[in-house]
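K.L.:
Encoded as structure tokens, here's the structure I'll be asking about.
The values are calculated or read from the model by the stated rules, or taken from the named source; none is laboratory data. Computed from a predicted structure; not experimentally measured. A quick note on method: Cβ atoms are made from the backbone with ideal geometry, for glycine too, and the neighbour counts reach across all protein chains shown.
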DNA sequence: TGCGTATATAATCATATAGTTATATACTTA
DNA sequence: TAAGTATATAACTATATGATTATATACGCA
């Protein structure tokens, strides 16, 4: 029998977090790119606290990590997290979201710090 | 680029449904076995309407299908559903739940109709 | 036909969730 | 140090969710 990589209860917690359009899209984006809070605010057209709260939930379970660079805080996928392998096959099946970053570049709202 | 197999919005809906311990365990069980409502009631120790409502949600998105056999209604995974391929790699990573059916057999509450 | 069992649905309720506004904190730069 | 920008947190609110109880429906069998 194949060894299960995650426990049932934990899996449900992770999946509940993924079961939100905003967070799911964030994770798909972060799988390839690093993004800061203000970029997400621009992309999703919701308030900055709303974005911060989504990111906090993802951070609390260890799915994403943050790194401050000057005035911005950049978020990225935490690929060393236990659940990353659980996440990968899932994210692979989602449609590419890079067009959203392209839109930011066209608007001049993409942050390319450092 | 790999073709995405599901749309973002739909994926979030499915994942939200999976983000519940009861439903996730149900799906893991149904991936290998057919179960009826009263078995789930016994397994999860919640009310029968609660189980019916979980199954309804899974049925509404087409993840499971039902088949009446006499007085029982047996549920199984709908492997022809669009989202089944989305589900598979996920379920594979979950711990085997067959012990729950073994417990039913020991209790004499397992239904093996026909 | 009437009773028992299995399941579904309706109504209700407590709690969780995702958003908002207001405010605090942290960094940059003049 | 003061002003401006970026982010986090607190408080609040409307809605969604998962459970319960009560009731309806469907089937099997005496």
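K.L.:
So which residues in the range A:3-22 are more than 7 Å from chain B (Cβ to nearest Cβ) and at pLDDT below 95?
P.N.:
The one that is more than 7 Å from chain B (Cβ to nearest Cβ) and at pLDDT below 95: A:3.
K.L.:
Which of the residues spanning the range B:38-50 are more than 8 Å from DNA strand D (Cβ to nearest atom) and more than 14 Å from chain A (Cβ to nearest Cβ)?
P.N.:
Listed by number, the residues that qualify are B:38, B:39, B:40, B:41, B:42.
K.L.:
Let me ask another. Give the number of residues within the range A:51-67 that are more than 14 Å from chain B (Cβ to nearest Cβ) and either touching a helix residue (DSSP H, G or I) at 6+ places or on another chain (Cβ under 8 Å) or more than 8 Å from DNA strand D (Cβ to nearest atom) (or both).
P.N.:
Qualifying residue count for the region: 9.
K.L.:
Please tell me if residue A:94 is touching a helix residue (DSSP H, G or I) at 6+ places or on another chain (Cβ under 7 Å), modelled with pLDDT of 95 or more and assigned to a loop (DSSP other than H, G, I, E, B).
P.N.:
Judged against the criteria, residue A:94 is a match.
K.L.:
Evaluate the range B:89-112: report whether one residue or more is in contact with a strand residue (DSSP E or B) (Cβ under 6 Å, 6 or more places away or on another chain), more than 24 Å from residue A:7 (Cα to Cα) and away from chain A (no Cβ under 14 Å).
P.N.:
Yes: the range B:89-112 contains one or more residues that are in contact with a strand residue (DSSP E or B) (Cβ under 6 Å, 6 or more places away or on another chain), more than 24 Å from residue A:7 (Cα to Cα) and away from chain A (no Cβ under 14 Å).
K.L.:
Please state which of the following conditions residue B:75 fails to meet, knowing it meets all the rest: (1) exposed (fewer than 15 other Cβ atoms within 10 Å of the Cβ); (2) not in a helix (DSSP H, G or I).
P.N.:
(1)
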